[in-house]
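The values are calculated or read from the model by the stated rules, or taken from the named source; none is laboratory data. In this text the structure is predicted, and so the values were computed from the model without any measurement. Virtual Cβ from ideal backbone geometry, glycine too; neighbours counted across all protein chains shown. Remember, those area values only see protein heavy atoms, side chains included, never the ligands or the DNA or RNA. Shrake-Rupley method; radii C 1.70, N 1.55, O 1.52, S 1.80 Å.
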Amino acid sequence: MSPDFLNFIETVLNGLMTGVMYALVALGFVLIFKASGIFNFAQGVMALFAALTLVGLQTGQMPFSHLINATFGTDIHHWGPGLPTILAILMTMAVMIVLAFTIEKVVLKHLVNQEPIILFMATIGLAYFLEGFGDLMWGADVKPLDVGLPTGGSFWLEDVTTSWATAGSEYYGMYIDTLDVSAAIIAIILVIALTIFSQYTATGRALRAVADDHQAALSVGISLRSIWVIVWSISGFVALVAGIMWGAKSGVQFSLSLIALKALPVLILGGFTSIPGAIVGGLIIGVGEKLAEAYIGPLVGGAVENWFAYMVALAFLLFRPQGLYGEKIIERI
């Protein structure tokens with residue numbers, strides 16, 4: 001095979017891996033939107049907060065150390081050597097569940113049957129609060145995250161694909177990040193589990209009922225508050241997984257919260273209510289932006305990857321606003 005064709009395959013594969021990472025974030029949006037009709041603007045910050053908490057527990061960092069030291073004149077930064085990775089992940093999951101209870105208690109229970117725009121504005125406020133709270137709790141410096149997943153390219157794949165090239169050509173093999181492969185496997189498991197939960201369990205059906213009509217769900221005995229706690233807890237778990245993958249890839253930093261913006265085109269393509277749609281939309285965006293950067297970028301000066309996804313999303317809004325798998329809503333007047 002020619003090196004150009006092999007480079008094309010490599011670009012597509014890397015796009016698929018990146019798309020899975022986008023889809024992990026989009027899953028959190030879909031879960032909350034399906035259960036409450038709320039577009040949770042805070043999902044990206046939840047991924048950041050989960051990753052910050054995980055690193056803090058792993059390294060034994062003292063929460064609020066800067067505030068404590070400034071208040072009492074101490075110089076305490078760590079409470080100990082830190083927790084093993086598995087225990088730190090379990091503790092972080094517990095923190096995200098407590099966060100879900102707190103959000104329901106402080107915010108959501110006061111907004112039952114409110115207009116969607118009010119709920120959306122509440123999540124914007126929640127996003128800024130969590131970002132500031134995470135900064136105060138764990139500090140704003142960039143933190144490396146290591147959970148034991150393999151990183152870097154696969155030498156085996158490079159050696160195998162080198163032999164595929166035409167004899168005499170200068171081709172040195174495909175580079176596929178093994179961390180992205182791990183993320184893809186984890187995303188597939190998550191999608192299967194969440195689809196089964198949503199479609200084939202009583203709680204999953206209750207989630208859809210709440211999304212359709214809060215008052216009707218209450219009238220048939222569905223506890224709105226319990227459902228919201230469940231779905232925000234699950235969304236917090238998805239945020240933790242996304243935070244681990246993105247944090248391991250690029251470090252835990254506050255720009256991590258901006259991945260929510262890249263999830264928007266994914267949701268528009270796949271549909272705000274479809275779990276499989278989040279995955280398909282992520283793959284389309286991931287592959288599309290990599291190919292656009294590789295083949296269109298040199299013609300226009302580069303940086304196509306930054307805006308390509310939003311142009312695709314705009315086209316979908318014009319011609320298919322419900323997305324590929326979203327529910328088409330018809331309102332009769």
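What to note about this one:
- Accessible surface of the chain, 1.4 Å probe, proportion on carbon and sulfur as whole %: 69
- All C-alpha to C-alpha distances of the range 3-260, sorted into 10 Å bins beginning at zero, yield P(r) values of 7, 26, 29, 21, 12, 5, 1, 0 percent in whole numbers.
- Here's the list of aspartates and glutamates a cross-link from Lys262 could span, going by alpha-carbon distance under 15 Å and ignoring same-chain residues fewer than 8 apart: Glu289, Glu305.
- Helical segments meeting 15 Å axial Cα length and Kyte-Doolittle 0.0 threshold in the chain (DSSP H): 3-36, 43-59, 85-106, 116-138, 178-200, 202-212, 224-250, 259-270, 275-295, 304-319
- Computed about the Cα centre, the dipole magnitude for the range 1-157 is approximately 440 debye when only Lys and Arg (+1) and Asp and Glu (-1) carry charge, each at its Cβ.
- Projecting the Cα atoms of Gly153, Leu130, Ile117 onto the dipole axis of the chain, where Lys and Arg carry +1 and Asp and Glu carry -1 at the beta carbon, places Ile117 farthest toward the positive end.
- When the Cα gyration tensor is reduced to axis lengths a ≥ b ≥ c, the ratio a/c is 1.5 or higher for the range 1-130, and with a/b not above b/c it is classed as oblate.
- Cα-derived Rg over Rh, computed across the range 1-69 with Rh taken as Kirkwood radius: 1.24
- Only Lys, Arg (+1) and Asp, Glu (-1) charged, at Cβ; the range 110-235 dipole about Cα centre in debye: 720
- Arg205 contributes an accessible area of around 120 Å² to the protein surface, as traced by a 1.4 Å probe with all chains present.
- In Å², nearest 10: area of Lys109 left accessible to a 1.4 Å probe: 70
- The Cα trace of the range 49-100 gives Rg and Dmax of 12.0, 34 Å, the first to one decimal, the second as a whole number.
- Full extension of the segment from Ser226 to Tyr295, taken as 0.36 nm per residue of separation minus the current Cα-Cα distance, would add 19.9 nm.
- Within the range 115-147: backbone nitrogen closer than 12 Å to the His77 label point (7 Å, Cα to C-beta): 141
- Taken over the C-alpha atoms, the range 97-172 has Rg and Dmax values of 24.3, 70 angstrom.
- The dipole here belongs to the chain: it is taken about the Cα centre, uses +1 on the Cβ of Lys and Arg and -1 on the Cβ of Asp and Glu, and is about 1160 debye.
- As a calculated quantity, the FRET efficiency between Asp4 and Ala315 at R0 = 25 Å, using C-beta atoms, amounts to about 0.35.
- Rolled with a 1.4 Å probe across the full set of protein chains, the surface gives Met46 an accessible area near 0 Å².
- Here, P(r) means the percent of Cα pairs in each 5 Å bin from 0 to the largest distance; for the range 131-237 it is 2, 9, 11, 11, 10, 11, 11, 10, 8, 6, 5, 3, 2, 1, 0.
- Note on the chain: dipole from Cβ charges, positive end direction compared against Leu224, Ile285, Leu6; the farthest Cα belongs to Leu224.
- Per residue, the chain reaches -23500 deg cm²/dmol at 222 nm when only DSSP H runs of four or more residues are counted, each adding -39500 (n - 2.57).
- Accessible area in square angstrom per residue, the range 3-260, 1.4 angstrom probe: 46
- Two-site label geometry, Val98 and Trp156: point separation in nm, points 7 Å out along Cα→Cβ: 4.2
- Solvent exposure ordering (accessible area, 1.4 Å, most first) of Ile97, Ile117, Ile89: Ile117, Ile97, Ile89
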